[in-house]
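Can you read through this structure? Questions will come right after.
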Amino acid sequence: MQVENRSVNFALSIDSEITEWMSINYNSSFTFSRLSIDAEPLQNINNMKHLLATYLFLKDNQYIDIEVEYYGNDFETNNNNYFLNIGYQYSIKETGLDLNLSWNNILNTKEYVDIYASEFSYIENRYMLRPSQILASVKFSF
């Protein structure tokens, strides 16, 4: 039995400070895989991942972060996963406290699927996600 796998991966990362009060980070990757067994092609696997994070620095001790994520693959069914998270942090420098308020999974995505194939394995990860939630936290340092 002869197994052949051809994969190509492209990645891009951009970090930019637009102004003194705003910065943007963008990361993406594209993976294209073609697997065949005894010269018989199996279904191609194409994965796409995008992350756009925007940080708004309101004052020296406050910022808002907005993250948008997209994960997509076209194995069997077209699986597209979208995520949106928003957070706010207030730092009290005198005490070393950081107060955080974040709203995660705003779009209430239920499941995330990631697929990887090689000559020796096929791996499909399915993650059942928590529903949209608001989280308040306190971080302190000594």
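Work through the residues other than Leu58 whose Cβ is under 14 Å from its Cβ and net out their charges, Lys, Arg +1 and Asp, Glu -1.
Details: positive: Lys59; negative: Glu20, Asp60, Asp65.
Spelling it out: positives minus negatives among the neighbours equals -2.
While we're looking at this one, here's another question. Just checking my list [x] -0.31, -0.38; [y] -0.35, -0.42; [z] -0.18, -0.22 against log10 I(q)/I(0) by the Debye sum over Cα atoms at q = 0.08, 0.09 Å⁻¹ computed from this structure; which label fits?
Only one option fits the structure, namely [y].
Sticking with this one: Residues of segment 1-100: accessible area per residue at 1.4 Å, in Å²?
Details: 6560 Å² over 100 residues.
Dividing the accessible area of segment 1-100 by its residue count gives 66 Å².
If you don't mind, another one. For Glu94 and Leu129, compute 0.36 nm times the residue count separating them, minus their Cα-Cα distance, and round to one decimal in nm. Don't jump to the answer; show the numbers that get you there.
Working: separation 35, 0.36 × 35 = 12.60 nm, distance 3.73 nm.
Gain on stretching Glu94 to Leu129: 8.9 nm.
May I ask you to give the percent of accessible area on segment 18-97 that is carbon plus sulfur, with a probe radius of 1.4 Å? Write out the running numbers ahead of the final one.
Values: 2770 of 4840 Å².
C and S atoms contribute 57 percent here.
While we're here: Among Asn27, Gln62, Leu42, which residue has its Cα furthest toward the positive end of the charge dipole of segment 21-87, with +1 on Lys/Arg Cβ and -1 on Asp/Glu Cβ?
Sorting the options by dipole projection puts first Gln62.
Could you give each residue of segment 58-71 its phi-based ³J(HN,Hα) in whole Hz, using Karplus coefficients 6.51, -1.76, 1.60 with θ = phi - 60°, and x for Gly or Pro?
Computed from phi, the couplings for segment 58-71 are 6, 8, 4, 10, 9, 8, 10, 10, 10, 10, 10, 10, 9, 10 Hz.
The values are calculated or read from the model by the stated rules, or taken from the named source; none is laboratory data. Since the structure is predicted, the reported quantities are computational estimates derived from the model, not experimental observations. Note: ideal-geometry Cβ built from the backbone for every residue, glycine included; neighbour counts use all protein chains shown. Accessible surface is based on the protein model in full, side chains and every heavy atom, while ligands, DNA and RNA are left aside. Shrake-Rupley method; radii C 1.70, N 1.55, O 1.52, S 1.80 Å.
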